[in-house]
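Chemist: Take this structure, written in C-alpha cells, and hold onto it; I'll ask about it next.
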Amino acid sequence: MTGGYAPSPDVPIGRLYGVRMSRHLTIEELRSEYESEGLDFSSLDPDPIEQFSTWFALAIDSGVVAPNTMVLATAAQGAVSARAVLLKGFDAAGFVFFTNLESDKGIQMLANPRAALTFVWAELHRQVRVEGTVAMVSERESDDYFASRPRGAQLASAASRQSRVIGDRRELERAIEELAAELGDGPVPRPARWGGVRVLPTSIEFWQGRGHRLHDRARYIKDGDGWRIERLAP
Ligand SMILES: Cc1cc2nc3c(=O)[nH]c(=O)nc-3n(C[C@H](O)[C@H](O)[C@H](O)COP(=O)(O)O)c2cc1C
C-alpha cells in the first residue's frame, strides 16, 4: 500500500518533533498514556444507538467540553472534506445535524450521499465513528428546529450563503440588517436551502483508549435488520 503514496518533502525529524509549540511543551511531550478501563464486550448493548446513548450521556455528565461536536466528512468527485458540526438529535434512524444545503458540504452530499461522523471525547479517551448514507429530515423537523433557534441565528442562516466567497464582514452584516428591516417583527422564514440532514448508519465504532496503545475497538456493522459486532485491532 505505502508504495502508492507520493513522497512528501523531507523534513529532518528533529524539526518536526522537537518543535516547542508553547512556552512549555514540544509536540512529543504532549504524548499521554490512556489508563482507562477497557471495553467489556460482554456488556455492549446489542443496539449501537443504545450504546451511543450510554456513552453520550456519560460524556455530558463527565463535563466533556462540547460533547455534541462531531467532525463530518464528505467526499465527492475525488475531493474529501471534513468540518465540525453539532449533533442536534439521534434516534434509531440516525444522527441529525442542521446546515446550509447549498454549502460545500451540502453540494458534496448531493453528489455522493454518504458521510462519516467522528466524535472525539478526549477527556474519556473515547472516540465514536459513524459511517453511513445521508437523507434529508422532514420539512416539519427542519421547520420545528429552525423555529426553536434564537432570532439572531435564524437571521444569520437566512442571510449567509455559507461557503461562498465574500468581500468583507460588513457585507454580511448589511445583508442581515436588510433582512431584519424587511421582516420587522414578523417571524424569520426558514430558507429552503437550510435544513436537517440525518446520517443513517451502516457502521458505528466505539473506541476506548487503553495503556500501551493497546486500545479496544468494537465495530457494529448493519446486518439485515440487526447489527453484528466485531473487534478491531488497534
Ligand atoms: C464546534 C463547531 C460547530 C459547528 N456546527 C455547525 C453546524 O451544526 N452546522 C453547520 O453548518 N456548520 C457548523 N459549524 C461550521 C462548520 O465547521 C463549517 O465551517 C461550515 O459548515 C462550512 O462548511 P463547508 O464549507 O464545508 O460546507 C461548526 C463549527 C464548529 C467549530
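The numbers here are math on the coordinates, done by the rules we state, and not lab data. What you see is a predicted model; the values in this text were computed from it and never measured. Note: ideal-geometry Cβ built from the backbone for every residue, glycine included; neighbour counts use all protein chains shown.
Chemist: Full extension from Glu35 to Ile60: what is 0.36 nm times the residue separation minus their Cα-Cα distance, to one decimal in nm? Walk me through the numbers before you get to the answer.
Modeler: On the way: separation 25, 0.36 × 25 = 9.00 nm, distance 2.04 nm.
Gain in length upon complete extension: 7.0 nm.
Chemist: Whats the longest run of the chain with zero GluC sites (Glu not before Pro) that are DSSP loop and have at most 16 other Cβ atoms within 10 Å?
Modeler: On the way: sites that count: Glu33, Glu35, Glu37.
Longest stretch, sites excluded: 38-234.
Chemist: Right, here's the next one. Using only Cα atoms, tell me the angle between helix 48-61 and the longest principal axis of the chain; keep it within 0 to 90° and round to the nearest 10.
Modeler: 80 degrees
Chemist: Here's another thing I want to ask about it. For Val11 and Arg193, what is the calculated FRET efficiency with R₀ set at 25 Å and r taken between the beta-carbons, to the nearest 0.05?
Modeler: On the way: r = 43 Å, r/R0 = 1.71.
The formula returns an efficiency of 0.05 here.
Chemist: Let me ask you something else. Could you give the angle, 0 to 90 degrees to the nearest 10, between helix 169-183's Cα long axis and the longest principal axis of the Cα atoms of the chain?
Modeler: In the chain, helix 169-183 runs at an angle near 50 degrees to the longest axis.
Chemist: Angle between the Cα long axis of helix 139-148 and the longest principal axis of the chain, 0 to 90 degrees, nearest 10?
Modeler: 90 degrees
Chemist: Okay, moving on. Test of the criteria: in the stretch 148-209, which trypsin sites (Lys or Arg not before Pro) are in a DSSP loop and have at most 10 other Cβ atoms within 10 angstrom of their Cβ? Please report the intermediate quantities before stating the final value.
Modeler: Values: sites: Arg151, Arg161, Arg164, Arg169, Arg170, Arg174, Arg193, Arg198; in loops: Arg161, Arg164, Arg193.
Those satisfying the criteria are Arg164.
Chemist: If you don't mind, another one. Given Cβ point charges of +1 (Lys, Arg) and -1 (Asp, Glu) and nothing else, what value in debye, to the nearest 20, does the dipole of the chain about its Cα centre take?
Modeler: On the way: 28 positive and 32 negative charges, 148 e Å.
About 720 debye.
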